[in-house]
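The values are calculated or read from the model by the stated rules, or taken from the named source; none is laboratory data. Keep in mind that this is a model prediction, so the values were computed, not measured. Cβ placement follows ideal geometry from the backbone for every residue including glycine, while neighbour counts extend to all protein chains displayed. Just the protein is used for accessible areas: all its heavy atoms, side chains included, with ligands, DNA and RNA removed. Shrake-Rupley method; radii C 1.70, N 1.55, O 1.52, S 1.80 Å.
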Amino acid sequence: MNIFKLKSELKAFLSLQRKEGKTIGFVPTMGALHEGHLSLIKRAKKKNDLVVVSIFVNPTQFDNKQDLEKYPQPLDNDIQLLTKIECDVLFTPSVKEIYSDTVVSQKFDFDGLEFQMEGKFRDGHFDGVGTIVKAFFEIVEPDTAYFGRKDFQQLQIIKKLVEKYNIPVKVKGRPIFREEDGLAMSSRNTRLSEEHRKVAPFIYKTLKKAKRKFGMKDVEELTQWVEKKFRKQELLRLEYFTIADEKTLKTPESIESGIRYRAFIAVFAGDIRLIDNIGLQ
Ligand code: PAF
């Protein structure tokens, strides 16, 4: 596997590959790789001649300093995993290489997608995500980029970014990977205490139950039902449960046929924030 820390060296390498007619698949990550990431990389490998993975803990998308400081960074282990699945290129730039001396994000207008759910609770998060993903797309110039649907709102925002800035990259969303007990895979799961890890599958269990009830209860009732369930769970604190139109990410007043809806959830297990979602049709 080729490992690059500098934009210029990565760009020079990729430009040669492109001249040879190779297609490039790109999987941006913040490291602490798990099966979910690996499945994106395997997919990218299958569909492209060359795969680039980035590992970069992007400071501008963290609204919480502690979350940034404690974000797991097991780089040696990640490199081993990437080597094992024969990833072609790893890009691990420093913060300075990406941001020079001003670690700030660009401001974006994502047609309102940025004000829903995560946007309400994580100030500036999507400006940070937009800034880094746009920068990486400009450096890597991939044909296709792959993102997990666990961050469904992020996926929709990146699709919007590409559309608004006419960036010539296909953005593909891929299924959520789960632990055997249903907990959505996340790099943050490694930071859960034993007791929080034990209770965390309640999140997905409740999403599945909500899905079964969708159509039988109205949106408001179903939301209240989930909120009540979480009030009884001492170890988990619900931040939000929202049913939204997959395209606009807005909560509907009433359910219309022909529109795809999804339920989104954010929960604190101790000081670890977990998110998940489920398609309702
Ligand atoms: O989903 C993530 O891990 C990050 O938000 C991303 C897309 C790599 C940007 O930093």
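A few points about this structure:
- Filter pass, residue 63 being within 29 Å of residue 123 (Cβ to Cβ), open to solvent by less than 30 Å² (accessible area, probe 1.4 Å) and either more than 10 Å from the ligand (Cβ to nearest atom) or of a type in the set (Phe, Trp, Tyr) (or both): no
- Residues of segment 178-187 that are over 12 Å from the mean Cα position of the chain (by Cα) and crowded, with 16+ Cβ neighbours inside 10 Å: 178, 179, 183.
- Residue 32 at positive phi and modelled with pLDDT of 95 or more: yes
- Here residue 111 meets the list (1) more than 11 Å from the ligand (Cβ to nearest atom); (2) touching an Asp or Glu at 6+ places or on another chain (Cβ under 8 Å); (3) without any contact (Cβ under 8 Å) to a residue 60 or more places away in the chain almost entirely, failing just condition (2).
- Against the test of being in contact with a strand residue (DSSP E or B) (Cβ under 7 Å, 6 or more places away or on another chain), open to solvent by less than 20 Å² (accessible area, probe 1.4 Å), within 13 Å of the ligand (Cβ to nearest atom) and aromatic (Phe, Trp, Tyr), the options 56, 26 yield a single qualifying residue, 26.
- Within segment 204-227, not a single residue is surrounded by 15 or more Cβ atoms within 10 Å (Cβ to Cβ), in contact with a helix residue (DSSP H, G or I) (Cβ under 8 Å, 6 or more places away or on another chain) and assigned to a loop (DSSP other than H, G, I, E, B).
- Scan of segment 127-150 for residues that are within 10 Å of the ligand (Cβ to nearest atom), in contact (Cβ under 8 Å) with a residue 40 or more places away in the chain and assigned to a helix (DSSP H, G or I), ordered by number: 128, 129, 131, 132, 133, 136, 150
- Only one of 90, 75 that is modelled with pLDDT of 95 or more, open to solvent by less than 20 Å² (accessible area, probe 1.4 Å) and away from the ligand (no atom under 12 Å from the Cβ): 90
Matching residues to (1) crowded, with 23+ Cβ neighbours inside 10 Å; (2) among the aliphatic types (A, V, I, L, M):
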site	(1), (2)
104	no, yes
107	no, no
126	yes, no
133	yes, yes
152	yes, no
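- Inter-residue pairs, beta-carbon under 7 Å, first among the charged types (D, E, K, R) and in segment 204-227, second not in a helix (DSSP H, G or I), 6+ apart: 205/182; 208/278; 211/263; 211/278; 211/280; 227/238; 227/241
- Meets criteria (within 15 Å of the ligand (Cβ to nearest atom), out of contact with any strand residue (DSSP E or B) (no Cβ under 9 Å at 6 or more places or on another chain) and either among the charged types (D, E, K, R) or on the phi > 0 side of the Ramachandran plot (or both)) for residue 123: no
- When residues of segment 245-268 are limited to those that are within 17 Å of residue 204 (Cα to Cα) and in contact with a Lys or Arg (Cβ under 8 Å, 6 or more places away or on another chain), the one most open to solvent (accessible area, probe 1.4 Å): 268
- Residue among 38, 6, 16, 33 that is under 30 Å from residue 178 (Cβ atoms), more than 11 Å from the ligand (Cβ to nearest atom) and hydrophobic (A, V, I, L, M, F, W, C): 38
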